[in-house]
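Participant: Before I ask anything, here is the structure I am working with.
The values are calculated or read from the model by the stated rules, or taken from the named source; none is laboratory data. None of the values given here were measured: they were computed from a predicted structure. Quick reminder, even Gly has a Cβ in these numbers, built from the backbone with ideal geometry, and neighbours come from all protein chains shown. These accessible areas exclude ligands, DNA and RNA; they are computed on the full protein's heavy atoms, side chains included. Shrake-Rupley method; radii C 1.70, N 1.55, O 1.52, S 1.80 Å.
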Amino acid sequence: MPPTEIEVYALPAERFVAAVDRLFTLGEKIIAPTRAPRGDIFFREVDSREQMMLEGFGNSEISPAEHVRPSKEVYFSYQLRPGEPPVMTPPPAPEPFVIFGIRPCDVSAIFALDHFFLERNPRDDLYARRRRAATLIALACTEPASEACFCPCCEGGGPVAEEGFDVQLTRVGDWYIVEIASEKGERIRDLWKSLLEPATEEMLEQRAEQEEQCIEQMFSKNANIGAAVRRVSAGKVEPGTWDEIAEHCYSCGACSFICPVCTCFDVNDVDMGDKQGMRVRQVDSCRTFGYPREAAGGVRGFPTAARARMYANHKLSYDHYRERGRYGCVGCGRCVVACLGHMGMPTIARLVRKGPTAKQEGQETQA
Amino acid sequence: MRSEDYLPRLARIEDIAIETPTEKTFTLRLGEDDPGLHFNPGQFVEISVLGSGEAPFGLASDPAEHHAFQMTVRRYPSGVVTVPLHRMNVGDYLGMRGPLGNGFPLADCTGRDILIIAGGLGLPTLRAAIFYMLARRHQYGEITLLYGARTPQDRLYKETLREWTAAPDINCLQTVDVADESWDGNVGYVSALLEQLRLQGDNTSVFMCGPMVMIRPLTSILVDMGVAETSMYVNMEAHMKCGIGKCGHCLVKSKYVCTDGPVFTYDQVREMQAYHEAGH
């Protein structure tokens, strides 16, 4: 995706519904936020606007990045034939699809995934095929999307995305500011042409004010991931910090399984019987006991604390900055919710910064 | 390289040689329509036993050969791939992805004396390196191989070792930890052999592969002999799943063993080991 100048338009709020309806004329799969019976938000394929959440929905339980980098993906299926070469068949290329309503933190996560899988050699074709098929229509946050998010503390993060989307909508009073940032986005602009009006300076100023207010209300404004990055990169983490984190770690891997930026995976052959099967990759977590498993099934001395350090190092050190174009945290807050030991990234960052006896994140900073 | 690279190419097992009770050398042949395997010694391939999985193995054969290649596989009792691999027969098909990783910088070491040190199952990729250098013998100074194994029977490539011992263009020295009645050679650690060598330290490049407990003491002897750590190359082993720097399993601090390695200079290895040992 070559970076293009972002075009800015305005969509009157009463035409929002019509704009959404027009997406269904694209003939592409529409992935949108839906409300599960108990109120949780999940990004799923929808057939009509009625099934979607359009506004006022919080952060989804699972990042929509899942649709770009699925937690389980087939490399190929195989058929063994005695005495003859086996046949291996890659899955068909994914059909084009639109993710509507993706939040800026998840846009930022996909930006990082793009760098990781596409910009670094060798490119990951499996990711590339799916990414090429995806159009991202972001919906900027006008208020915190959950009680745990801290995107302004992360580089490139904030309630309004700066890059990485094809289209971004931001509600400002009776209008939506519509930003078009790519060729894929231009397709949506053309679709909405008759609905769009020129944006005014006033709207943009109002959005900036609104963004400030949104940041004010967030769970943690002071996670200061950047300072943690400097400490991890310089190896200046106080003794005992990883042990303290490990003390609270159940090695369940939830933090990284749910993280939209985490990329590690495992590869397995699944036997389907009748000499058929498939090779799949599945997300893996460096926080689990089995992760550093070696050939021959042995697990080398790799205590929970060392795995916590590995996790923090991969996400926060300069060494890995370039491979993602940003740090390994976008502030979506899902790890804060998922961690049974209350060791989400803001707390880890805090311990890294202040040493093992620092107070819990939120105790001092919650607004 | 693109990652159709996740889709293996097919290779047919042409020969299986039994090296030791737990190690076999497989000779694999690629199809005639395959573009061939053009590799640098020290590089590895991911071998698939379809239905069981995939694992990395160092290339052990002469790199001049492009449509046939060899790898030596130790069978581990719980090996997900090595156990079914050891059960396979000539004529069976395996999947292959590669070559992967960086390999030894052999082309950059012309004009220098070469010391190769292998321990046990560390010999395969160094064997490929020796084939490469012997084919360009006039480009290198002295070539010395030190090979250590637990017992005489644990040595790999016994026939090749016999040839090299007799050959005038390579100085091949072997030692075993524990001898048996068939053995009249050196007994003891590789370090004892190394101490007997007269090296021109500043003109020597060292290529090593073996357990770290062997390599570490050797490097201090080498430093005393005047060899720079940046001229010592170690072929590292790690749990590489994808082989192309994506899955994260072989990551040590900032280095992906599969794409930044598996060959590292010893100063890099020392840094990686220190990070490991600092633990937490």
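Participant: Checking the condition within 14 Å of chain B (Cβ to nearest Cβ) and closer than 27 Å to residue A:26 by Cβ, which residue from A:117, A:100, A:76 passes?
Facilitator: The conditions single out A:117.
Participant: Going through A:254, A:295, A:246 one at a time, which residue ends up being at negative phi, facing another protein chain (nearest Cβ under 9 Å) and at pLDDT 90 or above? Steps first, please.
Facilitator: Numbers: A:254 fails: facing another protein chain (nearest Cβ under 9 Å); A:295 fails: at pLDDT 90 or above.
On inspection, the qualifying residue turns out to be A:246.
Participant: Also, I was wondering about something else. Among the residues in the stretch A:245-253, are any in a helix (DSSP H, G or I) and surrounded by 15 or more Cβ atoms within 10 Å (Cβ to Cβ)?
Facilitator: Within the stretch A:245-253, one or more residues are in a helix (DSSP H, G or I) and surrounded by 15 or more Cβ atoms within 10 Å (Cβ to Cβ).
Participant: Here are some conditions: (1) assigned to a helix (DSSP H, G or I); (2) within 14 Å of chain A (Cβ to nearest Cβ). Residue B:246 meets all but one. Which one does it not meet?
Facilitator: Tallying (1) assigned to a helix (DSSP H, G or I); (2) within 14 Å of chain A (Cβ to nearest Cβ), residue B:246 fails exactly one: (1).
Participant: Ok, one more. May I ask you to list the residues in the stretch A:297-353 that are open to solvent by less than 20 Å² (accessible area, probe 1.4 Å) and among the β-branched types (Val, Ile, Thr)?
Facilitator: Across the stretch A:297-353, the qualifying residues are A:330, A:347, A:348, A:352.
Participant: Check the stretch B:133-143 and report whether any residue there is in the same structural domain as residue B:218 (by TED's automatic domain parsing), of a type in the set (Ser, Thr, Tyr) and assigned to a loop (DSSP other than H, G, I, E, B). Talk me through it step by step, then tell me what you get.
Facilitator: As a first pass, look at the stretch B:133-143 and keep what is in the same structural domain as residue B:218 (by TED's automatic domain parsing): B:133-143.
From the residues that got through so far, the ones that are of a type in the set (Ser, Thr, Tyr) too are B:140.
Checking the rest, the ones that are also assigned to a loop (DSSP other than H, G, I, E, B) come to B:140.
Yes: the stretch B:133-143 contains one or more residues that are in the same structural domain as residue B:218 (by TED's automatic domain parsing), of a type in the set (Ser, Thr, Tyr) and assigned to a loop (DSSP other than H, G, I, E, B).
Participant: Sticking with this structure for a sec: For the stretch A:79-114, how many residues are surrounded by fewer than 24 Cβ atoms within 10 Å (Cβ to Cβ), of a type in the set (Ser, Thr, Tyr) and in contact with a helix residue (DSSP H, G or I) (Cβ under 9 Å, 6 or more places away or on another chain)?
Facilitator: 0
Participant: Same structure again: Counting only residues that are at pLDDT below 90 and open to solvent by 50 Å² or more (accessible area, probe 1.4 Å), how many does the stretch A:232-243 have?
Facilitator: So the count comes out to 5.
Participant: Residues A:120, A:189, A:131: which one is within 15 Å of the chain's Cα centre (by Cα) and of a type in the set (Lys, Arg)?
Facilitator: A:131
Participant: Of the numbered conditions (1) touching a residue at least 12 places away in the same chain (Cβ under 8 Å); (2) more than 14 Å from chain A (Cβ to nearest Cβ); (3) part of a loop (DSSP other than H, G, I, E, B); (4) more than 23 Å from residue B:225 (Cα to Cα), residue B:88 satisfies every one except a single condition; which is it?
Facilitator: It fails just one condition, (2).
Participant: Here is a further query. So residue A:163 ticks every box in (1) within 26 Å of residue A:333 (Cα to Cα); (2) open to solvent by 20 Å² or more (accessible area, probe 1.4 Å); (3) outside any helix (DSSP H, G or I); (4) within 11 Å of chain B (Cβ to nearest Cβ) but one. Which box is left unticked?
Facilitator: Going through the list (1) within 26 Å of residue A:333 (Cα to Cα); (2) open to solvent by 20 Å² or more (accessible area, probe 1.4 Å); (3) outside any helix (DSSP H, G or I); (4) within 11 Å of chain B (Cβ to nearest Cβ), residue A:163 breaks only (4).
Participant: Restricting the search to the stretch A:257-284, which residues are open to solvent by less than 40 Å² (accessible area, probe 1.4 Å), within 10 Å of another protein chain (Cβ to nearest Cβ) and assigned to a loop (DSSP other than H, G, I, E, B)?
Facilitator: Hits for the stretch A:257-284 are A:262, A:263, A:264, A:284.
Participant: On to the next question. State whether the residues of the stretch B:214-223 include one that is under 25 Å from residue A:235 (Cα atoms) and either open to solvent by less than 30 Å² (accessible area, probe 1.4 Å) or basic (Lys, Arg) (or both).
Facilitator: yes
Participant: When only residues in the stretch A:120-152 that are within 14 Å of chain B (Cβ to nearest Cβ) and part of a loop (DSSP other than H, G, I, E, B) count, which is modelled with the lowest pLDDT?
Facilitator: It comes out as A:121.
Participant: Being part of a strand (DSSP E or B) and either touching a Leu at 6+ places or on another chain (Cβ under 8 Å) or open to solvent by less than 30 Å² (accessible area, probe 1.4 Å) (or both) narrows it down to one residue among A:57, A:76, A:42, A:117; which is it?
Facilitator: A:76
Participant: In addition: Restricting attention to the stretch A:192-226, which residues are assigned to a loop (DSSP other than H, G, I, E, B), within 26 Å of residue A:333 (Cα to Cα) and open to solvent by less than 60 Å² (accessible area, probe 1.4 Å)?
Facilitator: A:218, A:219, A:220, A:223
Participant: Another question, if that's okay. Exactly one condition in (1) touching an Asp or Glu at 6+ places or on another chain (Cβ under 7 Å); (2) more than 8 Å from chain B (Cβ to nearest Cβ); (3) more than 26 Å from residue B:94 (Cα to Cα) is false for residue A:328; which is it?
Facilitator: Single failed check for residue A:328: (1).
Participant: If you take the residues of the stretch B:51-73 that are within 12 Å of chain A (Cβ to nearest Cβ) and open to solvent by less than 20 Å² (accessible area, probe 1.4 Å), which of them is nearest to the chain's Cα centre (by Cα)?
Facilitator: Here is the first cut: in the stretch B:51-73, the ones within 12 Å of chain A (Cβ to nearest Cβ) are B:51-57, B:73.
When the remaining residues are screened for being open to solvent by less than 20 Å² (accessible area, probe 1.4 Å), the result is B:53, B:55, B:73.
Details: B:53: 22, B:55: 15, B:73: 11 Å.
If we take residues in the stretch B:51-73 being within 12 Å of chain A (Cβ to nearest Cβ) and open to solvent by less than 20 Å² (accessible area, probe 1.4 Å), then B:73 is nearest to the chain's Cα centre (by Cα).
Participant: Then there is this: Consider only pairs whose beta carbons are under 7 Å apart and that are at least six residues apart or on different chains; among these, list those whose first residue lies in the stretch A:8-29 and is in a helix (DSSP H, G or I) and whose second residue is of a type in the set (Val, Ile, Thr) and surrounded by 14 or more Cβ atoms within 10 Å (Cβ to Cβ).
Facilitator: Partner pairs satisfying both residue conditions: A:23/A:30; A:23/A:98.
Participant: Another question, if that's okay. Which of the residues that make up the stretch B:17-34 are surrounded by fewer than 17 Cβ atoms within 10 Å (Cβ to Cβ), away from chain A (no Cβ under 13 Å) and touching a strand residue (DSSP E or B) at 6+ places or on another chain (Cβ under 9 Å)?
Facilitator: B:17, B:18 - these are the residues of the stretch B:17-34 that are surrounded by fewer than 17 Cβ atoms within 10 Å (Cβ to Cβ), away from chain A (no Cβ under 13 Å) and touching a strand residue (DSSP E or B) at 6+ places or on another chain (Cβ under 9 Å).
Participant: So in the stretch B:224-264, with the set limited to residues that are charged (D, E, K, R) and touching a strand residue (DSSP E or B) at 6+ places or on another chain (Cβ under 7 Å), which one is surrounded by the most Cβ atoms within 10 Å (Cβ to Cβ)?
Facilitator: Going through the qualifying residues, I end up with B:241.
Participant: Just checking, does the stretch B:126-136 include any residue being in contact with a Lys or Arg (Cβ under 9 Å, 6 or more places away or on another chain) and either away from every other protein chain (no Cβ under 14 Å) or surrounded by 20 or more Cβ atoms within 10 Å (Cβ to Cβ) (or both)?
Facilitator: Looking for residues that are in contact with a Lys or Arg (Cβ under 9 Å, 6 or more places away or on another chain) and either away from every other protein chain (no Cβ under 14 Å) or surrounded by 20 or more Cβ atoms within 10 Å (Cβ to Cβ) (or both), one finds none in the stretch B:126-136, hence no.
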